[in-house]
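Below is one structure; the comments refer to it alone.
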Amino acid sequence: MIKGFIFDLDGVITDTAELHYEAWKTLSDEMGWDFDREINDQLRGISRMDSLKVILEHNNASLDDETLLELATKKNTIYVASLDSMTAEDYLPGAQELLTHLRSEGFSVALGSSSKNASKVLQQLNATGYFDVIADGYSVSNSKPAPDIFLYGAEKLNLQPEECIVFEDAERGIDAAKTGGFYSVGIGPEERVGHANLRFDSMEKATLFEIKSFFKDLF
Ligand code: B16
Ligand code: MG
């Protein structure tokens, strides 16, 4: 039986991909690196340091660990400053409605985000109260596609993976959910999250009614 839900943050609750894009673009321009939206899309759900490594690989560049850390920190400073303008108006359409509905029906809800800035994003959105557990970039060391972040969230909710549905917008996020033994809902196009149990083009379509209708034997 489904007792809990675990939500990815960026791309599911709110769209920070654009803010991440702008911050990486600023850094890349400064460094003379090639960086575009296609590469940005590959960074969905992966950690800050892994993201930097993807960008470097694309540019056939390599740097020592100290410089890597310095540049990742620089990108983060730009990104965090851009979060100041985020408000409770910045939920993805449908996300707040679903969270409210889950609360009213008494489901357990966790956040399962790779971001080390998840708490700040939730505060900006005024969304902290929708979550019983916050699993973020500080909770585990192996980032998605490892299932660790979702396993951590489920454990803190006192639930088994098969009692939880994971919401994800990233290909690697769905991989992580499947590896961990969770049911999954993909938000986005078929080519990115078509391997989820259930897929919606956007959060607007992801109502509790639709979810219960699809996973009917589990409710
Ligand atoms: P930070 P999610 C992920 O969040 C983003 O999708 C990914 O683009 C980002 O690199 C990662 O968080 C780390 O974020 O630099 O804030 O720690 O989708 O897992 O909620
Ligand atoms: Mg995401």
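Values in this text are rule-based calculations from the coordinates and carry no lab data. What you are looking at is a predicted structure, and each value in this text was computed from that prediction instead of being measured. Using ideal geometry, Cβ is built from the backbone for each residue, glycine included, and neighbour counts are taken over all protein chains shown.
Brief remarks follow.
- Fewest-first sequence of ASP50, ASP84, ASP175, ASP10 by Cβ atoms within 10 Å of each Cβ: ASP84, ASP50, ASP175, ASP10
- Residues PHE215, PHE200, sorted so that the one with the fewest Cβ neighbours within 10 Å comes first: PHE215, PHE200
- Seen from GLU155, the other residues with C-beta closer than 14 Å to its C-beta sum to a net charge of -2, counting Lys and Arg as +1 and Asp and Glu as -1.
- For the chain, the Kirkwood estimate of the hydrodynamic radius, built from every pair of different alpha carbons, is 17.6 Å.
- Anchor LYS75: lysines whose Cα lies under 18 Å away (excluding residues fewer than 8 positions away in-chain): LYS25, LYS53, LYS116, LYS120
- Estimated FRET transfer efficiency when R0 is 22 angstrom, pair LEU68-GLU191 (beta carbons, to 0.05): 0.10
- Among VAL193, VAL12, a tally of other beta-carbon atoms within 10 Å of each Cβ gives an order, fewest to most, of VAL193, VAL12.
- Loop-exposed GluC sites (Glu not before Pro) per DSSP, neighbour cap 16 Cβ within 10 angstrom, longest uninterrupted part of the chain: 106-219
- Loop-located chymotrypsin sites (Phe, Trp or Tyr not before Pro) in segment 122-181, at most 16 other Cβ atoms within 10 Å (DSSP): TYR138
- Between segment 17-76 and segment 140-194, the alpha-carbon center distance in angstrom: 24
- Taken over segment 17-83, the convex hull of the Cα atoms encloses 75 Å³ per residue.
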